[in-house]
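The values are calculated or read from the model by the stated rules, or taken from the named source; none is laboratory data. None of these values were measured; they are calculated from a predicted model. Because the Cβ atoms are built from the backbone with ideal geometry, glycine has one as well, and the counts that use them run over all protein chains shown.
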Amino acid sequence: MEKFPEIRTVGNASPKVKEQIKKEYEELFYLSETKEKSEKELAIINFVNKETNELMQEVGFIPYNIPENNYIFLESNIYKEIKEDKNPAAALVDSQKIIFNKEVYSNNPILFGVAAMHETMHLKGHISVEINEKNGNIKDTIYRDGFSVVSAQKHRKLDEYNNGFHQHFVGLEDAIVSTVEKKAFSKIIELPILYKEKEWLTSLEATILKEQDAEKYNIPEDEIMWIKKKEGGLIETSFFSYYAQRQVLNYVCAEIQKEFPDQYQTSDDVFKEFLKAQFTGQLLSTARLIEKTFGKGSFRTLGDMTADKEKTLMILEKLTTARLKQTEDKKIKSLNLFA
């Protein structure tokens, strides 16, 4: 499926300059390092492309494949030079690559499959590039990345963090992407080539270990994607990402469904609106749903959600309070109509 990601351009540069920059971004899509991948890795990449393409088609977006060579394993020291945060995998939107810390993923296809699903969802998200021209100098920067919005170039010097720019809705995008990641897991372990991994995860020993760790960390058992005994009796446990952020998104979808039961039969139907926005970059309809359900300013509140757990819980509390007020105000208006 030979197709470039759809890239939108904004800014004051001329149409000719914008078209040239756009072509440069498109060329990055197929400029990749080559590395021989295992049968399991190739099967996972094929699955991930197929699964994400089906999601794109479901919301009316034209699908495309991420080339297998754009999934890049890096030695741990090299990876950490590129990505200073603790996440061992990352989607590099500006170069259209997904990089993985080889130490973490090369020997565990389950972890690789879930991470590949997560990062592919990021990479296939909507892309907008801001291109400005001043005195013959051209500057291009990512402006929109999936659901998230990056500060415009003119505001970047004013921000005091995140290398001079701010991303809004980053926590919400991770909630969307990690929801897809978790839903795909049940299909990943059904891949025939991963029968040994499934055999272990469904074994009595693994089941007992998961039950113990779920109790230890006070989380649902189905939040554990992988568990294994290590030397010395230590337990290696891997969880699905962004649990708190997904709880906020689940709450938002459930309340929107309650507010618009004729429009959405289930909260999954509401989730598709967020999924559509991730691929198309069109946030307005989603913003309206949130504001009508939780009140004015609630979309911005949700946009403040980050990867930080404590801040995410504060966002949930604010939305819960806003929802109660919105519901009470509607009751009062309804009573006044019949007074």
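Overview of values
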quantity: Test result for Phe147, touching a helix residue (DSSP H, G or I) at 6+ places or on another chain (Cβ under 9 Å) and over 20 Å from Ile188 (Cβ atoms); calculated: yes
quantity: Check on Ala244, in contact with a Ser or Thr (Cβ under 6 Å, 6 or more places away or on another chain), touching a residue at least 60 places away in the same chain (Cβ under 8 Å), part of a helix (DSSP H, G or I) and more than 28 Å from Tyr217 (Cβ to Cβ); calculated: no
quantity: Any chance Lys83 is out of contact with any helix residue (DSSP H, G or I) (no Cβ under 8 Å at 6 or more places or on another chain) and surrounded by 15 or more Cβ atoms within 10 Å (Cβ to Cβ); calculated: yes
quantity: Subset of segment 1-41 that is within 22 Å of the chain's Cα centre (by Cα) and either among the hydrophobic types (A, V, I, L, M, F, W, C) or farther than 26 Å from Thr280 by Cβ (or both) - its residue that is modelled with the highest pLDDT; calculated: Glu41
quantity: Given (1) in a helix (DSSP H, G or I); (2) touching a residue at least 40 places away in the same chain (Cβ under 8 Å); (3) surrounded by fewer than 19 Cβ atoms within 10 Å (Cβ to Cβ), index of the condition Phe271 fails; calculated: (3)
quantity: Test: Tyr217 is hydroxyl-bearing (Ser, Thr, Tyr), over 22 Å from Thr306 (Cβ atoms) and not assigned by TED's automatic domain parsing to the domain that holds Arg323; calculated: no
quantity: Selection count where residues are among the small types (Gly, Ala, Ser) and in a helix (DSSP H, G or I), scope segment 34-81; calculated: 2
quantity: Residue within segment 118-137 that is closer than 23 Å to Ala13 by Cα, in contact with a strand residue (DSSP E or B) (Cβ under 8 Å, 6 or more places away or on another chain) and exposed (fewer than 15 other Cβ atoms within 10 Å of the Cβ) present; calculated: no
quantity: Qualifying residue in segment 247-268 (condition: assigned to a helix (DSSP H, G or I) and basic (Lys, Arg)); calculated: yes
quantity: Lone unmet requirement of (1) surrounded by 20 or more Cβ atoms within 10 Å (Cβ to Cβ); (2) assigned to a loop (DSSP other than H, G, I, E, B) for Thr312; calculated: (2)
quantity: Selected residue [in the same structural domain as Lys258 (by TED's automatic domain parsing), under 26 Å from Lys124 (Cα atoms) and in contact with a His (Cβ under 7 Å, 6 or more places away or on another chain)] from Phe279, Phe299; calculated: Phe279
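Residue-wise test of (1) under 15 Å from Leu249 (Cα atoms); (2) modelled with pLDDT of 95 or more; (3) not aromatic (Phe, Trp, Tyr).
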| position | (1), (2), (3) |
| --- | --- |
| Glu273 | yes, yes, yes |
| Phe279 | no, no, no |
| Gln282 | no, no, yes |
| Leu289 | yes, yes, yes |
| Phe294 | yes, yes, no |
| Ile315 | yes, yes, yes |
| Leu319 | yes, yes, yes |
| Lys330 | no, no, yes |
| Leu335 | no, no, yes |
